[in-house]
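All remarks here apply to the structure that follows.
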Amino acid sequence: MRALAGAAVLAAALSSSAQAGSRPVVVVSAKSYHLRAWDSGRKVCSEIVAADQTSFTCGSPRAISFAQLPYAVGEETFVGGVTSTRARRVEVVFLDGATMHVKARVGRRYHGRHVRFFAGREKTVSTVRSITAKDARGHTVQTLQVPPPVPPEPPLPPPQPCGCPPPTAKAKACPAIVCPYAGPAWTRN
């Protein structure tokens, strides 16, 4: 009987700790921002929050994942995410060449998978180019290269009219303009 009661208490404790990881908890906090984390199935999710704006990401607990939030407060960029338990420092390099060094912290209120969290702010608005997590001796534990954003392609210019354009004072004959596309052509002389 005591064994069954002990097993029930153990099962209740395990289920409550598993559920504690599924609710967002603050894992890194600063004056102008904070990072929240939670479990989502087999993934760890993190959300950077600054000035009532948010950006979140979910990823494998074995890989670096991050979210960035530009323009949340003035001309600043906020970055936060998840890294390995072996990481002690995280170096974030931006496209404009700026570098940010932050501590990888254990989330005391987070009771999910064994990971560390990082968050910080850069005083310019830029996009993350790479993230490198380093251990206590300065050796690289994890690295992530972020491809640069692809600029949108400009729209195609409207097609030139083809066929025989309307007559002008100088035009004595209709020049032959071949239509490169199917569609109505000007035919007035």
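Would you mind finding the one in Arg121, Arg109, Arg113 that is in a loop (DSSP other than H, G, I, E, B), touching a residue at least 60 places away in the same chain (Cβ under 8 Å), of a type in the set (Lys, Arg) and within 25 Å of Val73 (Cβ to Cβ)? None of the other options fit; the residue is Arg109. Across the range 74-102, the qualifying residues are those that are in a strand (DSSP E or B) and of a type in the set (Ser, Thr, Tyr), and the one among them that is nearest to the chain's Cα centre (by Cα) is Thr77. Could we say that Thr99 is open to solvent by less than 50 Å² (accessible area, probe 1.4 Å), modelled with pLDDT of 90 or more and among the hydroxyl-bearing types (Ser, Thr, Tyr) here? No; evaluated as a whole, the condition is false for this residue. Checked against (1) more than 18 Å from Val26 (Cα to Cα); (2) crowded, with 21+ Cβ neighbours inside 10 Å, Thr83 passes all but a single condition, namely (1).
Please find, within the range 33-53, the residue that is surrounded by the fewest Cβ atoms within 10 Å (Cβ to Cβ) out of those that are closer than 17 Å to Tyr71 by Cα and modelled with pLDDT under 90. By that ranking, first place goes to Asp52. Per the conditions (1) exposed (fewer than 13 other Cβ atoms within 10 Å of the Cβ); (2) touching a Lys or Arg at 6+ places or on another chain (Cβ under 8 Å), the sole criterion not satisfied by Pro149 is (2). Residue pairs whose Cβ atoms lie under 6 Å apart, separated by 6 or more positions or on different chains, with the first residue in the range 30-55 and among the small types (Gly, Ala, Ser) and the second open to solvent by 40 Å² or more (accessible area, probe 1.4 Å) and in a strand (DSSP E or B), are Ser40/Cys58. Scanning the range 124-140 for residues that are open to solvent by 50 Å² or more (accessible area, probe 1.4 Å) and not in a loop (DSSP other than H, G, I, E, B) yields Arg129, Lys134, Thr140.
When the residues of the range 58-73 are filtered to those that are not hydrophobic (A, V, I, L, M, F, W, C) and not in a strand (DSSP E or B), which remaining residue is nearest to His139 (Cα to Cα)? That would be Arg62.
The values are calculated or read from the model by the stated rules, or taken from the named source; none is laboratory data. On a predicted model such as this, the values are computed, not experimentally measured, just so you know. No Cβ is skipped: glycine too gets one built from the backbone with ideal geometry, and neighbour counts run over all protein chains shown. These area figures cover heavy atoms from the full protein model, side chains too; ligands, DNA and RNA do not enter into them. Shrake-Rupley method; radii C 1.70, N 1.55, O 1.52, S 1.80 Å.
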